[in-house]
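Data first, discussion second: the structure below is written as structure tokens.
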Amino acid sequence: MMRMVVLAGCLWAGLLPAQDLFYITFVDKPADGVVQLDAKAQARRSRHGLPAADWYDLPLNPDYVADIATRVDSVRQQLRWFNAVSVAGTPAQMEEIARLPFVKGVEPFGFGGKLTVVVPEDSTPRRMSRDTSLYHFQREQMGLDFFLSRHLDGKGVRICIVDAGFKGADEHPGLRHLFENKQIVATRDFFGKGKDPFYHSSHGTSVLGCIAGKWGDLPIGAATGAEFLLARTENNYFEPAREEDLWLAAIEWADQKGADLVSSSLGYTSKRYTYADMDGWTAKASLAARIATRKGMLVINSQGNDGAGKFHYVNAPGDVDSVLTVGATFPMIPLHMRFSSYGPNAKGQMKPDVCAPGYVLTTGRKGYVEITGTSFSTPLTTGFAACILQQNPGKTNMELHQMIRESGHLYPYYDYVHGYGVPQARHFFRPSDSVVVSFTTETNAAGDTTWLMFTRDLPERNQFGKDNGRVLYYRLENAQGKILAYESVVIRPGTLRYPVPAALGKLGKLRIWFDGYEELWEQQ
């Protein structure tokens, strides 16, 4: 049997002095361990054709855990899916533990990360006002009233929110219905080791509002009728370099408690990992998200808010192909917000999958707030997913994943900031009502510019009925369809032509999407 021990020589000396969190993996599990699953978890597995229990569900060997507990400062989490414990300890303790016959491997597990939230300077509580346009923009862009008019509100769907805290959620008038109707099924504070997550941070309160909150008697998100599991795993906006193991524990808990969907506005990136590690297989959170998928859950994760930074790529676990990863757009027009991180993942797979408004009105610790980040485009999409699952209860998690992708307003066009675009509720009830437009091309005498010539009726119509105009999306791709470059630009009302460098056609094929019309153009 091969044992992984990262303890020898300069690697041990170079890595561990700065570490105090370690990951200890065991060689086996007891085959007779007791598996405890909620009835909703059993029903979800049955719907996916999965066994009632498997190796991942078996608990750890209690004798192994008890032995380790006597040798370290503390045991933090028992992780069934990884057959491991996370512990706080010293390098000297790890030297001793690595030689135990029941230990398969020891590795350092320290890092830093952050919540995917950008808080604008004016994110102060807002009094409820019936003329607040932001509320209408964020719902209209996704067409959420289509669900409301058909009495779809996520009822029967169980959602786990993994976040930094839900301060004030249990007292907020916009969330009162969730408590009065017993829609908060279970809560757990993994960071504080308690059951009460209603303190510390109101970030999760705002996330919950984006899924199921109300603004007066109007719904903010789409899933006001869903059930919820609330898990606190983080320490406010910046982690003290060791919370990924809490994310792993929370996902296992969500599985046991029967979650259908996991809404995670968290990300692990450059403090522990490189872009090469954003391959969907390296980060521990990414591996856990893969197991969650195999258990029948759909993990919906934020793309990240590093778009304007040096490390501007998708974060883990959003780098996993089976995770529905969500970027951010402006609420009034479906155009990439600069902070929203870029794809693809390190394997070249498209990320994000979709995008949604990343500047929203939602519930805060006191009253309502206007707040920004992919932290909030993600739960808007989670509420959307809950309504689709309510409408199609027999669908598997990956069928739901694909259905949401195909409902994107750009589908089948995509790029690495919008994915397939903003999910459209109307997609599930009637065909798109986009008016198909066409355009011609005209190259100037010098041959260095090609003009896209729009039809004359363009000034009469605006995308999504807004005065801001419509968005032209285009990308340059090679013969194999790989994206070489991409761009999006607002075409203002009254515009009849737009210049594209003709040289692009010599570098590859130009694929254009405009108001439901897609064309592949290549320089002759």
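Taken together, the values in this text are just the output of simple stated rules run on the coordinates, not laboratory data. Computed from a prediction, not measured in an experiment: that's the story for all the values here. Here the Cβ is made from the backbone with ideal geometry for all residues, glycine too, and neighbour counts use every protein chain on show.
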> What residues have an amide H closer than 5 Å to that of Arg76, excluding those fewer than 5 places away on the same chain, when H is modeled at 1.01 Å from N in the peptide plane?
Replying inline: Ser86, Val87, Ala88
>> Neighbour counts of other C-beta atoms within 10 Å: give me His203, His336, His136 arranged from fewest to most.
In response: His136, His336, His203
>> Can you tell me which aspartates and glutamates have their Cα less than 20 Å from the Cα of Lys509? Leave out same-chain residues fewer than eight positions away.
In response: Asp415, Glu442, Asp448, Glu477, Glu487, Glu518, Glu519, Glu522
> Taking 0.36 nm per intervening residue step and subtracting the Cα-Cα distance, what contour gain separates Ala69 from Arg99 on full extension?
Replying inline: 9.2 nm
> About the Cα centre of region 172-290, what is the dipole size in debye to 20, counting +1 per Lys and Arg Cβ and -1 per Asp and Glu Cβ, all else neutral?
Replying inline: 180
> Taking N as the number of residues in region 255-391, what is its Cα Rg relative to 2.2 N^0.38 Å?
Replying inline: 1.02
> What is the set of long-range amide H partners of Lys104 at a cut-off below 5 Å, with H atoms built 1.01 Å from backbone N?
Replying inline: Thr25, Phe26, Val27
> Could you give the Stokes-Einstein D for region 143-273 in µm² per second, using the C-alpha Kirkwood radius, 10 °C, 1.306 mPa s?
Replying inline: 106
> Where the eigenvalues come from the Cα gyration tensor of region 313-404, what are the semi-axes √(5λ) of the equivalent ellipsoid, largest first, in whole Å?
Replying inline: 22, 19, 11
> How far is it, in nm, from the label point at Asp145 to the one at Arg426 when both lie 7 Å from their Cα along the line to the Cβ?
Replying inline: 1.1
> Using the count of nearby Cβ atoms within 10 Å as a rough guide to exposure, how do Trp247, Trp513, Trp253 rank from fewest to most?
Replying inline: Trp253, Trp513, Trp247
> What does the convex hull of the Cα atoms come to per residue for region 114-428, in Å³?
Replying inline: 111
>> What FRET efficiency comes out for Lys366 versus Leu507 if R0 is 60 angstrom and r is the Cβ-Cβ distance? Round to the nearest 0.05.
In response: 0.65
> How would you rank Lys40, Lys310, going from fewest to most other Cβ atoms within 10 Å of each one's own Cβ?
Replying inline: Lys310, Lys40
> Assuming R0 = 51 Å, what is the FRET efficiency of Thr132 and Gln402, from their Cβ-Cβ distance, to the nearest 0.05?
Replying inline: 0.90
> What per residue convex hull volume, in Å³, comes out for region 363-418 when only alpha-carbon positions are used?
Replying inline: 119
> Counting only residues 5 or more places away or on other chains, whose amide H sits under 5 Å from the amide H of Thr187 once H atoms are built in the peptide plane?
Replying inline: Leu230
> Can you run phi through the Karplus equation (6.51, -1.76, 1.60; θ = phi - 60°) for region 324-331 and list ³J(HN,Hα) in whole Hz, with x for Gly and Pro?
Replying inline: 7, 9, 10, x, 10, 10, 5, x
>> Can you tell me, using C-alpha contacts under 8 Å and at least 6 residues apart, the relative contact order of region 179-266 as a whole percent?
In response: 30
